[in-house]
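S.K.: Quick one: structure below, then a few questions.
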Amino acid sequence: MSVYSMEQFIGDVKAVQAEHHDPKEILQRVAPLAKKIADAKDWLNESHYRVEETQGIGITIIHEEPEDLLVETVCWSPGGGVLPHDHQTWGCIVGIDGAEKNVTWLRKDDGSKDGFADLENFHETVMTHGDICTLLPDDIHSVNNEGNVPSVSLHIYGRSLAFTDRHEFDPEAKIVRPCPKRKRND
């Protein structure tokens, strides 16, 4: 029996995107594929565990098309994480190694006041190998590695985040601002 390869996975996700345009439909079909590639692990190597120390995370691009699919791993150092943010595209995240806390946030204000956002912590879950998190374009979440070993997750997005205007939120200060472009591993 052959192992499900990253090349097959990317082809399958691209086929889903070509056939479906509703983000909910896409995510329903991509999630089981993400679980399947997470279980394969033949594609995973030490480069996916590299962390850019100043940001506390390491982003390794596996496949990227500016107007289309992005597949990347994110390695979270112990204590590493990011503030709440959106993606402005659909997203599917699957745990690969270690554990990371994923928090879903609800926006309580209507977005009409520039620079202001009132968020409420809606749901928290700890993701480990094979656990799936799906995100619609306006969904807001944050991620933290509260453990003492690195964690790695595979992120699949409908569009490259380098070409997407996203938002970052500070729930304590109640502000929203453009999401910074994160540094990627070479």
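S.K.: Using helices alone, I'd like the mean residue ellipticity at 222 nm for the chain: each DSSP H run of four-plus residues gives -39500 (n - 2.57), total over residue count, nearest 500.
M.R.: -5500 deg cm²/dmol
S.K.: State which entries of K24/K174; K14/K41; K35/K174; K36/K181; K24/K181 exceed 24 angstrom in Cα-Cα distance in the structure shown. All intermediate terms of the calculation are to be shown ahead of the outcome.
M.R.: Working: K24/K174 29 Å; K14/K41 20 Å; K35/K174 35 Å; K36/K181 29 Å; K24/K181 26 Å.
Over 24 Å apart, Cα to Cα: K24/K174; K35/K174; K36/K181; K24/K181.
S.K.: I've got another one for you. So how strong a dipole does the chain carry about its Cα centre when Lys and Arg Cβ are +1 and Asp and Glu Cβ are -1, to the nearest 20 debye? Walk me through the numbers before you get to the answer.
M.R.: Values: 19 positive and 33 negative charges, 22 e Å.
Once rounded to the nearest 20, the dipole reads 100 debye.
S.K.: Let me ask you something else. Expressed as a fraction of 2.2 N^0.38 Å, the rule-of-thumb size for a compact globular protein of N residues, what is the C-alpha radius of gyration of the chain? Let's see the in-between values first.
M.R.: Working: Rg = 16.0 Å, N = 186, 2.2 N^0.38 = 16.0 Å.
Rg over 2.2 N^0.38 Å, computed on Cα atoms: 1.00.
S.K.: Translational D (Stokes-Einstein, µm²/s) of the range 1-99 at 10 °C and 1.306 mPa s when Rh comes from the Kirkwood sum over C-alpha pairs? Walk me through the numbers before you get to the answer.
M.R.: Numbers: Rh = 14.8 Å.
Stokes-Einstein gives a translational diffusion coefficient of 107 µm²/s.
S.K.: Considering the chain as a Gaussian network with a 10 Å cut-off on Cα pairs, which listed residue, K35, K108, K14, attains the greatest mean-square fluctuation?
M.R.: Comparing K35, K108, K14 in a Gaussian network model of the chain, the most mobile one is K108.
We did not get these values from a lab; they are worked out from the coordinates using the rules stated. The structure displayed is predicted, hence computed values, not measured ones. Note that we place each Cβ from the backbone using ideal geometry, even for glycine, and neighbour counts take in every protein chain shown.
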